[in-house]
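First up is the structure itself, then whatever we jot down about it.
The values are calculated or read from the model by the stated rules, or taken from the named source; none is laboratory data. What you see is a predicted model; the values in this text were computed from it and never measured. No Cβ is skipped: glycine too gets one built from the backbone with ideal geometry, and neighbour counts run over all protein chains shown.
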């Protein structure tokens, strides 16, 4: 008998295991793959973190807490997980990327600068924005190291007594008179509470809620810049999200020590897929779409393609998270904080899910993330 069973030990589930173990709880974690795997949504060497949040100002309090908790796990694990580089949110003045970021910055009094196209090109020479584009620059933006972060949370959870089972997917779960019961191919486990953080497998494990999840295949690219990585070095080059006139968004990073090339990808430009049968082959059409964009806006990046990877987004129509207690079972917490922009929140979502599993409530604002907005 455990205090809490966690289904899924990716970014969110691993952080939850760590937070519950820190509270002295008896934790069992179940993961369908190996630790810090590359089959879901918690890999890719770097994930953007930012505070002037273009999606909605309501996320900002969670982000402020997330930064504190990333620093906490860094201290506990004695490792480096968060790299601050500065960040640009680029687009036309009426674009969601710029306008939404500015709204969050102003509402929460976040330090920021407004740059015009000439400012952008002068300060960050690889970028070549059209004259009509502007950017919000945020000095506290940067990136989190996802695989290392998952490992750190898992290792600290185990150090504190959590029992973690890998390559053991949960096949089913049910609420019982005394708590919850989870079945795997290896057996049946019982606990007082349950946390479901399944990533792209949410449609399977949260099917009773009939939420409008869609799983999409996304592609990540690493190019060798023409002329070398010098202008893309940390300290000279920021993370960025760039919205084009047609609404297409792409994003990228500085050159990362130990990782060949410079990473770039589209944001919300993926094909529907089955998480159990993902096409992991990146084809010429994928690459040419990316080259067409960087060839126009970051021409020096359009060199040799060194590496690619695929990852999965678990999206809902409004692109917000789903984090709540289960509507029918108050001892079951559910989390699908994804829609392509969730990883930066792992540290704080782990704390929130630990709150829900332990106390049935959290001090963090969750109204925006209720599954009730979809009629669940």
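Quick one: in segment 61-89, which of the residues that are in contact with a helix residue (DSSP H, G or I) (Cβ under 6 Å, 6 or more places away or on another chain) and in a strand (DSSP E or B) is farthest from residue 242 (Cα to Cα)? Working first, answer last.
First, the residues of segment 61-89 that are in contact with a helix residue (DSSP H, G or I) (Cβ under 6 Å, 6 or more places away or on another chain): 62, 65-66, 69-70, 73, 76-77, 79, 81-82, 89.
Add one more test, that the residue is in a strand (DSSP E or B), and what stays is 82, 89.
On the way: 82: 22, 89: 6 Å.
It comes out as 82.
Could you tell me whether residue 130 is in contact with a strand residue (DSSP E or B) (Cβ under 8 Å, 6 or more places away or on another chain), in a loop (DSSP other than H, G, I, E, B) and farther than 24 Å from residue 345 by Cα?
Taking the combined requirement at face value, the residue does not satisfy it.
Hey, among the residues in segment 262-273 that are touching a helix residue (DSSP H, G or I) at 6+ places or on another chain (Cβ under 9 Å) and part of a loop (DSSP other than H, G, I, E, B), which one's nearest to residue 140 (Cα to Cα)?
269
What is the residue count in segment 90-125 for residues that are part of a loop (DSSP other than H, G, I, E, B), under 26 Å from the mean Cα position of the chain (by Cα) and under 18 Å from residue 238 (Cα atoms)?
Matching residues across segment 90-125 total 4.
Which of the residues spanning segment 75-89 are touching a residue at least 40 places away in the same chain (Cβ under 8 Å) and either over 16 Å from the mean Cα position of the chain (by Cα) or surrounded by 23 or more Cβ atoms within 10 Å (Cβ to Cβ) (or both)?
76, 77, 79, 80, 84, 85, 86, 87, 88, 89
Among (1) in contact (Cβ under 8 Å) with a residue 40 or more places away in the chain; (2) over 16 Å from residue 50 (Cβ atoms), where does residue 138 come up short?
(2)
Would you please name the residue that is surrounded by the fewest Cβ atoms within 10 Å (Cβ to Cβ), looking only at residues in segment 16-74 that are in contact with a strand residue (DSSP E or B) (Cβ under 8 Å, 6 or more places away or on another chain) and either at pLDDT below 95 or at positive phi (or both)?
Result: 45.
Considering only segment 117-132, how many residues are free of Cβ contacts under 8 Å to residues at least 24 places away in the same chain and surrounded by 13 or more Cβ atoms within 10 Å (Cβ to Cβ)?
Here the count works out to 4.
Residues that are within 27 Å of residue 360 (Cα to Cα), in contact with a helix residue (DSSP H, G or I) (Cβ under 9 Å, 6 or more places away or on another chain), surrounded by fewer than 23 Cβ atoms within 10 Å (Cβ to Cβ) and in contact (Cβ under 8 Å) with a residue 12 or more places away in the chain: does segment 4-11 have at least one?
Taking segment 4-11 and keeping what is within 27 Å of residue 360 (Cα to Cα), we get 4-11.
Now drop any that are not in contact with a helix residue (DSSP H, G or I) (Cβ under 9 Å, 6 or more places away or on another chain), which leaves 4, 6-11.
Now restrict to residues that are surrounded by fewer than 23 Cβ atoms within 10 Å (Cβ to Cβ): none.
Scanning segment 4-11 turns up no residue that is within 27 Å of residue 360 (Cα to Cα), in contact with a helix residue (DSSP H, G or I) (Cβ under 9 Å, 6 or more places away or on another chain), surrounded by fewer than 23 Cβ atoms within 10 Å (Cβ to Cβ) and in contact (Cβ under 8 Å) with a residue 12 or more places away in the chain.
Residue 58 - would you say it is under 15 Å from residue 194 (Cα atoms) and in contact with a helix residue (DSSP H, G or I) (Cβ under 6 Å, 6 or more places away or on another chain)?
no
For segment 282-305, what are the residues that are surrounded by 14 or more Cβ atoms within 10 Å (Cβ to Cβ), in contact (Cβ under 8 Å) with a residue 24 or more places away in the chain and touching a strand residue (DSSP E or B) at 6+ places or on another chain (Cβ under 8 Å)?
Those that are surrounded by 14 or more Cβ atoms within 10 Å (Cβ to Cβ), in contact (Cβ under 8 Å) with a residue 24 or more places away in the chain and touching a strand residue (DSSP E or B) at 6+ places or on another chain (Cβ under 8 Å): 282, 286, 287, 290, 293, 294, 297, 298, 301, 302, 303, 305.
Which of the residues spanning segment 336-368 are within 25 Å of residue 191 (Cβ to Cβ) and surrounded by fewer than 22 Cβ atoms within 10 Å (Cβ to Cβ)?
355, 358, 359, 360, 361, 362, 363, 364, 366
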